[in-house]
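Readers should treat all values here as calculations from the given coordinates under stated rules, not as data from a laboratory. Every value quoted in this text rests on a predicted model; they were computed, and no experiment measured them. Because the Cβ atoms are built from the backbone with ideal geometry, glycine has one as well, and the counts that use them run over all protein chains shown.
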Amino acid sequence: MTTDAQSKETTDGFHLVIEALKLNGIDTIFGLPGIPITDFTRKAQAEGIRVISFRHEQNAGNAAAIAGFLTQKPGICLTVSAPGFLNGLTALANATTNCFPMILISGSSEREIVDLQQGDYEEMDQLAIAKPLCKAAFRVLHAEDIGVGIARAIRAAVSGRPGGVYLDLPAKLFGQTLDAEAGKKSLIKVVDPAPRQIPDQTAIQRALDLLKAAKRPLILLGKGAAYAQADANIRALIEKTGIPYLPMSMAKGILPDTHEQSAAAARSFVLPGADVVLLIGARLNWLLSHGKGKTWGGKGPKDWGGQKFIQIDISPQEMDSNVAIDAPIVGDIDSCVSALLGGIGSGWARPSADWLGAISERKDKNLAKMAETLTKNPTPMNFHSALNVMRDIIKANPDAILVNEGANALDFTRSIVDMYKPRKRLDVGTWGVMGIGMGFAVAAAVVTGESVIAIEGDSAFGFSGMEVETICRYNLPVCVVIFNNNGVYRGTDVNPTGGPDVAPTVFVKNARYEKLMEAFGGVGVYATNPAELRKAMEEALRSRKPTLINAAIDETAGTESGRITSLNPQSAKKK
Ligand code: ADP
Ligand code: TPW
């Protein structure tokens, strides 16, 4: 005979966390097991969540962040306590900086011991450390609060301006038991986690009036516009108004880069030339020279170029952050763009032939110059001759996702390789951070199922290179292409003392990175000319096998800090 109490089913912290995630549509976790979350990873896998295990938490964190960007669902990164948590923190901070929704879930040590600083295993006050680096941070101490904890983390990550959230789960929580029925009732399925934010009609009218009066209008698309998945409305706005547009790096492909209204090839002409600029999901930060200075036609670095700005952003605080915003539109991009479209009737006057003609003249000149450079075939291969191949490959495979990091390898790829579809270009983002490469590549392949091409500087690759094992382990269709010029930026620096150490920017010459991929059963190729590179790329895309192509690039090619030499005091002095 069983007593009443014995017959009651119980659940525990492990299962409640798993059930809460599943209930909210989370089907993948990126992480790295160890105390106290090893069993959690096993149980999550057993209950049908896909658990992608990495070799370093930073890469798992970057994977979670970009999964968030691609899916609008918070990407989950799971780590162990103190060191694992800290390894994941760079990715959490980077996600917050870039407005990518992710949740870093870390196991933590015993609160009572941590707070008295009695030296617990991996003791650290993780919640306090995470707080300033993310949008929100929560800790769950009781199993019955797991539902609320997960719900709050999800809402904080995806609502308003998306960002990183930290969720602290102490080891003891996982083992806590609860009556199964009460446990089930405590879980929350979040309703409408990222509510639309409808703009005010007055704000829309103010913007339309400004746009109508513009003589030389310009639209600037940022990665917020890519994230918002408002592709159809954005395209309609651009095509209906006839206004030229510039995509920021990760906004490339919202409209195909070959679109006739793209002013990308005339950037240095349209920024100072425009009189009214409509920003859609792009901040006027360093990447846009803070909206002032010579880039914008100002006389000195702090001088304002005289443009009027309209800015669409979900964050009201973003307005006036660098220069005055004449017509702020606060709301979600899809709602705001659709409201603007509503005010653009058949009587809309397209921009003047003078403005459009001047842009296309400048574009044609620059594109012709670029085409000439691209057809050269020097020995050794340089960035341009290698990227000429990449450009063709992406054109033939527009669904493939391009991950890109490095300095020259980044800047040249961004300007040379056209993108044809939205959210296909993933890169170093707002911080210009190195190390996103393999984490982004793994997540992009896992969440989209598409082929991934990662174009990597040799230095950039080193930050996450060990994850080629992860790529092989999950047999992902990732082709890593290393632009190997023997060092950071280039490979020609010398030690001025004549001592035995090489210069700080120089690596082992002619390193055979492709053997790293071969070590784990993938395909490795050493390519010394564009024909070899093309053949290897085509084969990688055909076979979908993990591939690493080590492309030998002229070590004298490349400039210090790529295109941002002005931010590097030492090289600025050299100029
Ligand atoms: P980029 O680096 O491409 O210029 P930023 O990261 O600087 O882009 O800017 C992205 C902006 O987009 C942020 O200010 C963010 O608040 C905003 N944003 C993100 N998602 C949305 C959305 N759904 N609706 C409106 N604004 C958004
Ligand atoms: C986390 C500083 C910016 S770019 C770069 C470094 C180290 C590497 C450039 O060399 P690479 O590319 O990758 O070989 P290429 O084509 O120019 O030869 N640490 C972090 N982030 C940044 N941005 C740096 C250092 C940096």
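What percent antiparallel are the DSSP beta bridges of the chain, to the nearest 5? If you can, show how the numbers build up before the last one.
Details: 4 of 69 bridges.
Just about 5 percent of them are antiparallel.
When a/c is below 1.5 the answer is rounded, else prolate if a/b is larger than b/c, else oblate, so apply that to segment 245-291 with a ≥ b ≥ c taken from the square roots of the Cα gyration tensor eigenvalues. Walk me through the intermediate numbers first.
On the way: a/c = 1.83, a/b = 1.26, b/c = 1.46.
Since a/c reaches 1.5 but b/c is at least a/b, the shape of segment 245-291 is classed as oblate.
Residues whose amide H falls under 5 Å from that of Tyr526, counting only those 5 or more places apart or on a different chain, are Asn550, with hydrogens built in the peptide plane. Sorted fewest first by neighbouring Cβ atoms within 10 angstrom, Leu208, Leu278 come out as Leu208, Leu278.
Taking the fewest neighbouring Cβ atoms within 10 Å as the starting point, the ordered list for Met102, Met248, Met319 is Met319, Met248, Met102.
Could you work out the local net charge near Gly293, counting Lys and Arg as +1, Asp and Glu as -1, over the other residues with Cβ closer than 14 Å to its Cβ? Local net charge: +3. I need the shape label for segment 201-357. Rule: rounded when a/c is under 1.5, else prolate if a/b > b/c, else oblate, with a, b, c from the alpha carbon gyration tensor. Note, shape of segment 201-357 comes out rounded.
When Ile49, Ile393, Ile314 are sorted by how many other C-beta atoms sit within 10 angstrom of their C-beta, beginning with the fewest, the order is Ile49, Ile393, Ile314. Other residues lying with their Cβ under 15 Å from the Cβ of Pro380 contribute a combined charge of -1, Lys and Arg counting +1, Asp and Glu -1. For Glu181, neighbours were defined as the other residues whose beta-carbon sits under 10 Å from its Cβ, and their charges (Lys and Arg +1, Asp and Glu -1) total +1. Among the chymotrypsin sites (Phe, Trp or Tyr not before Pro) within segment 115-198, those in coil by DSSP and having at most 16 neighbouring Cβ atoms inside 10 Å are Tyr121.
Kirkwood Rh over alpha-carbon pairs of the chain, then Stokes-Einstein at 4 °C and 1.567 mPa s: what D in µm² s⁻¹, rounded to an integer?
Details: Rh = 25.3 Å.
My calculation gives 51 µm²/s for D.
Note down the relative contact order for segment 448-575 as a percent, whole number, built from C-alpha pairs under 8 angstrom at least six residues apart. Could you put the intermediate results ahead of the total?
Working: 211 pairs, mean separation 37.7, N = 128.
Computed value for segment 448-575: 29 percent relative contact order.
Less than 5 angstrom separates the built amide H of Leu278 from those of Leu218, Ile219, Leu220, Ile310, all sequence-distant by 5 or more or on a different chain. Largest first, the extents of the alpha carbon coordinates of segment 376-574 on the three principal axes equal 50, 34, 32 Å.
Applied to segment 516-533, the Karplus parametrisation 6.51 cos²θ - 1.76 cosθ + 1.60 on θ = phi - 60° returns per-residue 3J(HN,Hα) values of 4, 5, 5, 4, 10, x, x, 9, x, 9, 9, 10, 10, 8, x, 5, 5, 5 Hz, with x for Gly and Pro. Applying the Karplus relation 6.51 cos²θ - 1.76 cosθ + 1.60 with θ = phi - 60° to segment 190-199 yields 3J(HN,Hα) values of 5, 8, 6, x, 10, x, 4, 10, 7, x Hz, where x marks Gly and Pro.
Take the cross-link list Lys215/Lys365; Lys223/Lys292; Lys395/Lys545; Lys22/Lys252; Lys252/Lys363; Lys240/Lys292 and give me the ones stretching past 26 Å between alpha-carbons.
Details: Lys215/Lys365 23 Å; Lys223/Lys292 21 Å; Lys395/Lys545 20 Å; Lys22/Lys252 33 Å; Lys252/Lys363 17 Å; Lys240/Lys292 29 Å.
In this structure, Lys22/Lys252; Lys240/Lys292 exceed 26 Å between Cα atoms.
Computed 3J(HN,Hα) for segment 94-103, one whole-Hz value per residue from the Karplus formula 6.51 cos²θ - 1.76 cosθ + 1.60 where θ = phi - 60°, is 5, 4, 5, 4, 8, 6, 9, x, 8, 10, glycine and proline marked x. The distance separating the Cα centre of segment 146-190 from that of segment 97-114 comes to 12 Å. Near the amide H of Ile453, within less than 5 Å, lie the amide hydrogens of Ile401, Leu402, Val403, Cys479, all on another chain or at least 5 residues away, with H placed in the peptide plane.
One Cα centroid belongs to segment 195-249, the other to segment 277-334; the line between them spans 13 Å.
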